[in-house]
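These notes concern the structure reproduced below.
The values are calculated or read from the model by the stated rules, or taken from the named source; none is laboratory data. Source: prediction; values computed, not measured. Cβ: placed from backbone, ideal geometry, glycine included. Neighbour counts: every protein chain shown.
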Amino acid sequence: MEQEENVKTIAEYLEVLKRRKYIALVSFVTISFLGFVLAMKLPPVYRSSATILIEDQQIPRSMVQTTITDFADKRIELIKQRVMTRDRILGIIQKHKLYLDDRDKLVPSELVKRFQEDTEIQMIAANVADPQRGSGKATIAFTISFSDRLPNVAQGVSNELVSLFLEENTRVRAQRAAKTTEFLNEEAEKLKHEILMLETRIVDYKAKYGKSLPDMLQVNLTAVERTNESLRQTDNDIRLARDRITYLSDALLQAKENSATTSGRQADKPMGKAEQMRLLKSQFIRLSSLYTPSHPDVLRVKRQIVSMDPSFTGAEATRSDVSSELLKAEAELVLLKDKYADNHPDVVKLQQQLATLRQKADAAATQDGNDSENTVKGDPAYLSLSNQLLSTQHELENSLKRREELQGDLRELQARVDQTPLVEKQYAELQRDRQNSLNKYAELEAKSREAKLAQTLEEEQKGETFTLIEPPVAPDKPEKPNRKKIIALGAGVGLGTGLALMILLELLYERVRGPKALERIAGMAPLVVIPYIETPADIRKRKAQVQLTSIVIGGAIVAITLLTHFYVMPLEQIGAAVVVKIGRL
């Protein structure tokens, strides 16, 4: 019920508006005027923009593939970072005399930041169908804008930024293409050097192991078989030579005995003790070579020798016997050396025996030479056998040397055959490494040629380029501030402020106004209503308010008219524009 009593009628609200109209009007006019003044006083900001189109390369990609594969927006951002450096921005500010009023107030970093805020780069994207990248949005162009209080300055700075972007794009693309070509050439040179090293290694390897290569395996096997055959023949020659030496040694001994016997008989005189001793020793040696030491004939001759020379033990030998034993020992030493090393105990022992036999041979040669020199000097049979023995001994020595050479050749050939699998593996690895390097080198050479074409494409500006399709111009009107919006906003704020003041005053100064209010308070209708009677003072006050309001409104109208005429548009142009619009209605 109280809520219904407190609800005012429309007439009462109109009464409030009528009563507080001067406050609302003054607030509206004052704030609107301030908004208008602010809109007129804000400095104009002109924006000059340029549009740059990103054109695809002129030559089809299927013919010449470019080495610049990053996206346009990324490349534009990279160019922006290269162009918008601190030193370059400060140079542009100095060149175009930007921010002269604020240079004393701002440090260089703040000037750079302000320049970056006044510069704007916007991408223009569109739906495209790329055969390589598929369908989707791609950046096809971008705009470069710069804002300044002077239109010519905004145009000049925009022009310079456009030039920097175009030059930097051309330079960066050519530089990247050149670096790609340089990198591929360097890698190709490295591979070329590596191939030369591998070929040198292959040549050295073939020089070192050429006879063990797989191509030589059959040759080596044939040589092994041929050497084995020669070795078998040489062994047969050695065996025959040894048998012949044994035979000739026995024959020479027998001839010596026969010569001595014949010589003694021809002299027709009894033999001396020395001659008898020599003959007995010759018989002993001959019999010892035929029979065992326990044979009756060997024992009989030995007893005869001991009866004449008690110091005889049977170990003494003539020169022929010692020579025969020496040859046999030397042949046995050769066989042992085939099986064992020089420091083997059996080899060392046999070498010591050879030294002893050589001493005995020298002693026997001296003794036998003195005893039998005159006896066998003129015997043709003995001389013939002696020459045959010497010749056979030389043949044996040559055969032994030949066998040693053949055994060395066989070991070398067998080593070649044995190491052929390993050599084949290592040689194949070298060849495989060389072939892989050659393949990589050929691939790099092909890429290098493609990169060189791409570099030529970029240097002649036939690749993807930035084309200026809309150069920056001096703007005819400022982009900001939007004076109409500011004036409208000021009027709206003024109107709202006036209404707010009206409501505030009504709430602060509560009075009983009109019979309705009195009826709500008293709970009944008044019997008589006496209207408000103005006093002379009230009349003077009301007139003063009317005059003040008229002055304020008139002054605001005059000020707005003047400001519009001088800052926005001359009144003649406004009148002409109004007439034109009315004529179109």
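Here His394 fulfils each of the conditions (1) farther than 29 Å from His193 by Cβ; (2) surrounded by 14 or more Cβ atoms within 10 Å (Cβ to Cβ); (3) out of contact with any Leu (no Cβ under 7 Å at 6 or more places or on another chain) apart from (2).
Given the structure, is Val16 at pLDDT 80 or above and at negative phi? Here the answer is no, as Val16 does not meet what is asked.
For the stretch 204-218, give me each residue that is aromatic (Phe, Trp, Tyr) and farther than 13 Å from Leu413 by Cα.
Start the filter on the stretch 204-218 by keeping residues that are aromatic (Phe, Trp, Tyr), which leaves 205, 209.
Residue satisfying the conditions is Tyr205 alone.
Residues in the stretch 469-494 that are of a type in the set (D, E, K, R) and in a helix (DSSP H, G or I) were compared, and the one that is surrounded by the most Cβ atoms within 10 Å (Cβ to Cβ) is Arg483. Against the conditions (1) modelled with pLDDT under 75; (2) surrounded by fewer than 17 Cβ atoms within 10 Å (Cβ to Cβ); (3) on the phi < 0 side of the Ramachandran plot, Ala446 satisfies every one except (1). For the stretch 398-418, a tally of residues being of a type outside the set (A, V, I, L, M) and touching a residue at least 24 places away in the same chain (Cβ under 8 Å) returns 8. Assuming Val153 fulfils every condition listed in (1) under 30 Å from Lys477 (Cβ atoms); (2) among the β-branched types (Val, Ile, Thr); (3) at pLDDT below 85 apart from one, which condition is it? So the condition that Val153 fails would be (3). Within the stretch 20-30, the residues that satisfy the criterion of being surrounded by fewer than 18 Cβ atoms within 10 Å (Cβ to Cβ) and either within 15 Å of Gly554 (Cβ to Cβ) or at pLDDT below 70 (or both) are Tyr22, Leu25, Thr30.
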